[in-house]
Amino acid sequence: MRARTYAILTVIALAAAGYFTLPYTPVPAYFHAFTSRVSALTGFGADRIRSRVLPDMEKRLNEAGIAVGAPVYLRVFTADQKLQVWLRGDTRYSEIQDAGFCSDQDAGNAALQTPPPGVYRIRRDDLSPNSPSHVELNLNPLPDDDAPSTSDVAGAISYSLHGNCSDLAGISLNNDDIEQIYLLVDAALRAGQQSVPVHIFEKPRDMDDSLALTEDATNNSPAPGLYDVYTAFERSRIPPDVSKSDGRYHVKPAD
């Protein structure tokens, strides 16, 4: 009887220890990554949002002559804490909404973890409809063609767009805004857009100010040429084809 009691107490102790130490092990991260991947590929987690948000969204876009599923472009200005959502019409893109970041009070220290200025992409498997942050869209930096493959070291900060005003690294939005952005990106990727470009700048610049756009005379940009990307879109209202090599962004000439 005593041995049985000891066995039961041992099992309870081990279970309690496992419960309290689990958050400090890699298991939750692995599990979250796995479920996010499955959710992104199946899309089932967005159904609860789609049925509620999509009807009004379709009506609003139809009035602007744009269909849900049109290619999406996202532009961010961190100094203004604003995210712009652009959709392609017949040829050029039109801004259909903007969203403000969650306040520091709402998002904890998220403002200290805003992605650095640069060119990012969102692909199909970057969508997490069942994220603890409501929904989440991972931001992938445009790779540098000259950087060694070992540059993607473990432990590098991963940024995302996410809801719940959570304090994850990235851009934290309220749920109404992130739901609409998620559905637009999801629809565009399902309709054939290979990836959604996300261009992050510190603030808008005068595109005729050559000194501000070259950035060679300042230390404000981690990668020269970023505002060449900015002015290319300002002039054409079409997201430019961008590459990165030797630490500099290059805008490819239009065909």
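Checking each residue in the range 66-96 for being open to solvent by 30 Å² or more (accessible area, probe 1.4 Å) and at positive phi picks out only Gln81.
Scanning the range 185-201 for residues that are over 20 Å from Ala79 (Cβ atoms), over 13 Å from the mean Cα position of the chain (by Cα) and in contact (Cβ under 8 Å) with a residue 24 or more places away in the chain yields a count of 7. So which residues in the range 134-148 are among the acidic types (Asp, Glu) and surrounded by fewer than 20 Cβ atoms within 10 Å (Cβ to Cβ), if there are any at all? Residues satisfying the conditions are Asp144, Asp145, Asp146. Would you confirm whether any residue within the range 232-241 is at pLDDT below 90 and not acidic (Asp, Glu)? The answer is no, given that none of the residues of the range 232-241 is at pLDDT below 90 and not acidic (Asp, Glu).
Taking the conditions (1) modelled with pLDDT under 90; (2) open to solvent by 70 Å² or more (accessible area, probe 1.4 Å); (3) farther than 24 Å from Ala223 by Cβ in turn, Ser131 satisfies each one other than (2). When the range 61-89 is filtered for residues that are in contact (Cβ under 8 Å) with a residue 12 or more places away in the chain and out of contact with any strand residue (DSSP E or B) (no Cβ under 8 Å at 6 or more places or on another chain), the ones remaining, listed by number, are Gly65, Val68, Gly69, Ala79, Asp80, Gly89. None of Leu184, Leu189 is at pLDDT 95 or above, open to solvent by 10 Å² or more (accessible area, probe 1.4 Å) and not polar (S, T, N, Q) except Leu189. Within the range 79-93, the only residue that satisfies the criterion of being modelled with pLDDT under 95 and within 16 Å of Arg60 (Cβ to Cβ) is Gly89.
The values are calculated or read from the model by the stated rules, or taken from the named source; none is laboratory data. Remember, predicted model here, so these are calculated numbers, not experimental data. Cβ atoms come from the backbone with ideal geometry, glycine included; neighbour counts cover every protein chain shown. All accessible areas refer to the heavy atoms of the entire protein, side chains included, with ligands and DNA or RNA removed. Shrake-Rupley method; radii C 1.70, N 1.55, O 1.52, S 1.80 Å.
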